[in-house]
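Rule-based calculations on the coordinates, nothing more; no lab input. None of the values given here were measured: they were computed from a predicted structure. Cβ coordinates were reconstructed from backbone atoms using ideal geometry, including for glycine residues, and neighbour counts include every protein chain displayed.
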Amino acid sequence: MRRDGVNKFKLPRPKFSWIFGIMYFFVIFGTVFYFFKPKEADAMSEERLFIPSIGMIARVKNIEREGSKLVPPDLEAGAYYPAVHKTVLLGHSTSIFNTLKDVEMDDRITFDSKDYTITRIEIVEKTAVNMEEVVSETEKNTIVLMTCYGEPLGEQDYTHRFIVTAEEDD
């Protein structure tokens, strides 16, 4: 028996291992891409409110008056249309409008594909809010964003209202 060198032990190599490796890569890559791809908002989307300065992208649901109250949805903004050129957007300060207090004068807002500029920011006592003024007709397209502010009173209510008024850009 002749020995020229050391015998090496070799495991049999599967014939299609490289195919399984490529398939594994595409499954992992495809899954990651699917879950982390940027979300697009098309014309039918409910994501209609964008405030870039505070990073807000909000879903908006149309709401109706319930007696003398306007009740916003829990996790979305509620849009109420009291007049031709006026839209009132309501949201809870503990959810969808939790960063609204960080806006500043002249910040830009996009709502329903129209651009607006903030012209007024005010904090008003709950009892002093003049809803007739909030819902009154204006000459320019105007949106009013309103949320709770101040000290909690219970049942998702607070002592003050944070009110932002924005007019459509020309």
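Against the test of being touching a helix residue (DSSP H, G or I) at 6+ places or on another chain (Cβ under 9 Å), of a type outside the set (A, V, I, L, M), closer than 18 Å to Arg48 by Cβ and touching a residue at least 24 places away in the same chain (Cβ under 8 Å), the options Thr159, Thr117, Thr142, Thr99 yield a single qualifying residue, Thr99. Before we move on, is Thr159 surrounded by fewer than 20 Cβ atoms within 10 Å (Cβ to Cβ) and not in a strand (DSSP E or B)? When the stated conditions are applied, Thr159 does not pass them. The single condition among (1) surrounded by fewer than 17 Cβ atoms within 10 Å (Cβ to Cβ); (2) in contact (Cβ under 8 Å) with a residue 40 or more places away in the chain; (3) charged (D, E, K, R); (4) over 19 Å from Ser53 (Cα atoms) that Glu132 does not meet is (2). Of the residues that sit in region 58-89 and are small (Gly, Ala, Ser) and part of a strand (DSSP E or B), which one is nearest to the chain's Cα centre (by Cα)? Applying the filter and picking the extreme gives Ala58.
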